[in-house]
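The values are calculated or read from the model by the stated rules, or taken from the named source; none is laboratory data. Note that the structure is predicted; figures quoted are calculated from it, not measured. Cβ placement follows ideal geometry from the backbone for every residue including glycine, while neighbour counts extend to all protein chains displayed. Each accessible area value is taken on the protein alone, full model and side chains, heavy atoms only, with ligands, DNA and RNA left out. Shrake-Rupley method; radii C 1.70, N 1.55, O 1.52, S 1.80 Å.
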Amino acid sequence: MPAIDSGMRIFSGASRLQAPVKGNVADEVFLSKLLNRRWALSSPDVKINQIVTLNHGESDIVSEQVTFSNIGKPCVGDGATRKRSSFYVIRDDLLHPLINGNKARKLDAVLPLLEDNGVTDVVTCGGCQSAHTAAIAVSCAERGINSHLLLRGEEPEILTGYNLVSRIYGNVAYIPRSVYAKREDMLASHAETVAGDDGSVVWLSDIIKASLNHTPADMNISQDRHVKNNKGSKKVCIISEGAGDAVALLGLIRLIHHLSQKHLFGRDDAMEIVVDSGTGTTAIGLALGTSYMGLPWRVTGIMLADTIANYKGKEQNLISEFHDIFSTPSVPFHAELQWVERRIPRKFGNVTKHEIQECRKIAAETGVLVDPIYTLAAWDHASRLCLAREDAGGKVVMLHTGGTMGMFGLAQRYKSYFKS
C-alpha cells in the first residue's frame, strides 16, 4: 500500500503518533459538582458510527484515493475488535433536527440556568448564516423565552439555511458591520432597549456566578417561564457570540464523561478526538474533560477561522475563566490539546467545487452528511490520520458537530458547484 502524506500542519501539542500521557484525575467530589446539575439534553448519549476506509492509490485528495463504508452499530467497548484503517464518528449532528451538535452541547448547561433564573428574553449575535443564533432561537422558543438576534451585515435576498431558521424562531435585526465591530456595546445597547424602563439586563457570566453563590431560594426563580417576574418586567440575558462562555464547557465535559464509560471507549486506551474549530470552544471543552478525568486521549482542533496565536489565547483565557468560576482543584491541565491547520488553508467561509464533490461522495457512500466549511476538514483529517497509523494502536474519533443547514445556504451561493 502506498504511503499516505498526512498533509497536516501541527502547531502545538505532542507528535501525532506519540501516545498521550495519562494525567491525574480531578477530585471525584469536584467532578460530581460539575456534572450533578440540570441539563437541557435528557441524556448525553449519542449514536456512534465506524467508518472503514479502503485505499486505492496515490492522491493528494483523500476522497479520490479512498472508498468509505459505514458500520452503523459498531462494537466500541470491551471485546471490540479494532478494524484497520477505520475511525469512529460521534454523531452529534443527530442530536436535534435544527441545532448543530456543538451548539446543543454548549447550551446543555446554559438553558436550565436561564429557566431557573426567570430569564424572559435573550440577546445574542452572529453572522448572517450563524448556527449559534439559530440554536439560540430554536432552544429559547422551545422554552417560552424570546430571542433577539443581531446578525452582521445585510439581509440576504433569499432567506435560507440558518438565517431562515433564525428568522422563523426569533426576532432578527441586521446590523451594519461598523456597529457590529463593537460587539459588547452593541449587545448591551440592544438588551437595554428590549428590557425597557422597568426591566433588567444581565450577562450570562453574572447568572453563572449567582447560581454558584446563592441557594435556589435566594434566586429570583420563575417556575412559569411565561411569567416575566413578580413585577411583570422583563429580565434580559446577554449571551456572547458563539456562546463561548466558560459555562459552555460543561456540556463538553459531560460528553467526555459519557464516552469514557466502559461499554463505550473506556478510560485505558489511547485515542485521538478530531473536531472542527471555529471559535475553538468545543475542542477546549473536550480537552478539559479529558484532563479532569485523567484520560490518555488527545484532542485535535482543526483551525478554520483564526490564527494559532488567537486559538492558544482563547484556550488560556477560557480555561482560566472556568477555573475562576468553578473553583477547580489544584490538578494541572494535563490534556493533550493541539491546534492543526486544515489541509488547504483559506479564508473562512470560502469553498471550492471539489469540496462540494467530496461532501457528495461521502454522503453517497456512508449516509453521513458533512459540510465544506466545517466538518469536511475534520473528516479529512481523521481519514488521513487513520490511514497513516494503520498498523499503530489507539483509536481515531471524529466529533461530528453538524452543519447540515449550512448546505442550503451554500447551494444558493454556489449554484454551479451543486450541478452534476
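Tally time: how many residues in segment 85-132 are charged (D, E, K, R), under 15 Å from LEU252 (Cβ atoms) and open to solvent by 10 Å² or more (accessible area, probe 1.4 Å)?
Number satisfying all stated conditions: 1.
Against the condition modelled with pLDDT of 85 or more and touching a Lys or Arg at 6+ places or on another chain (Cβ under 6 Å), how does LYS33 come out, does it pass?
No; evaluated as a whole, the condition is false for this residue.
Is it true that some residue in segment 317-330 is free of Cβ contacts under 8 Å to residues at least 60 places away in the same chain and under 18 Å from the mean Cα position of the chain (by Cα)?
yes
Need the failing condition index for PRO156 against (1) open to solvent by 40 Å² or more (accessible area, probe 1.4 Å); (2) in a loop (DSSP other than H, G, I, E, B); (3) in contact (Cβ under 8 Å) with a residue 12 or more places away in the chain; (4) more than 17 Å from ALA243 (Cα to Cα), just the number.
Here PRO156 meets the rest and fails (1).
Of the residues ALA287, ALA305, which single one is small (Gly, Ala, Ser), closer than 28 Å to HIS132 by Cα and either more than 18 Å from the chain's Cα centre (by Cα) or not in a helix (DSSP H, G or I) (or both)?
ALA305
Please go through (1) buried (at least 18 other Cβ atoms within 10 Å of the Cβ); (2) outside any loop (DSSP other than H, G, I, E, B); (3) at pLDDT 95 or above for SER63 and return the number of the only condition it doesn't satisfy.
Exception for SER63: condition (3).
Kindly indicate the residue of segment 243-281 that is part of a helix (DSSP H, G or I) and open to solvent by 10 Å² or more (accessible area, probe 1.4 Å) and also nearest to ASP45 (Cα to Cα) among those meeting that condition.
Filtering first and then ranking leaves HIS258.
Select from segment 308-337 the residues that are at pLDDT 90 or above, closer than 30 Å to GLU358 by Cβ and in contact with a helix residue (DSSP H, G or I) (Cβ under 9 Å, 6 or more places away or on another chain) and write down the one among them that is most open to solvent (accessible area, probe 1.4 Å).
LYS314
Within the bounds of segment 358-378, is there any residue that is of a type in the set (D, E, K, R), surrounded by 15 or more Cβ atoms within 10 Å (Cβ to Cβ) and within 20 Å of the chain's Cα centre (by Cα)?
yes
Consider SER277 carefully, then state whether it is among the small types (Gly, Ala, Ser) and within 20 Å of the chain's Cα centre (by Cα).
Criteria met by SER277.
Would you tally the residues in segment 397-411 being open to solvent by less than 20 Å² (accessible area, probe 1.4 Å) and aliphatic (A, V, I, L, M)?
Looking only at that region, the number is 4.
Could you check, for segment 136-148, whether at least one of its residues is open to solvent by 10 Å² or more (accessible area, probe 1.4 Å), out of contact with any Pro (no Cβ under 6 Å at 6 or more places or on another chain) and among the acidic types (Asp, Glu)?
yes
Out of everything in segment 159-180 that is at pLDDT 95 or above, out of contact with any His (no Cβ under 9 Å at 6 or more places or on another chain) and not in a helix (DSSP H, G or I), what residue ends up being most open to solvent (accessible area, probe 1.4 Å)?
The qualifying residue most open to solvent (accessible area, probe 1.4 Å) is PRO176.
Looking at segment 272-300, which of its residues are hydrophobic (A, V, I, L, M, F, W, C) and closer than 18 Å to ASP92 by Cα?
First, the residues of segment 272-300 that are hydrophobic (A, V, I, L, M, F, W, C): 273-275, 283-284, 286-288, 293, 295, 297, 299.
Correct list: ILE273, VAL274, VAL275, ALA283, ILE284, LEU286, ALA287, VAL299.
Out of all the residues in segment 195-242, which are exposed (fewer than 12 other Cβ atoms within 10 Å of the Cβ) and at pLDDT below 55?
Hits for segment 195-242 are THR215, PRO216, ALA217, ASP218, GLN223, ASP224, HIS226, ASN230.
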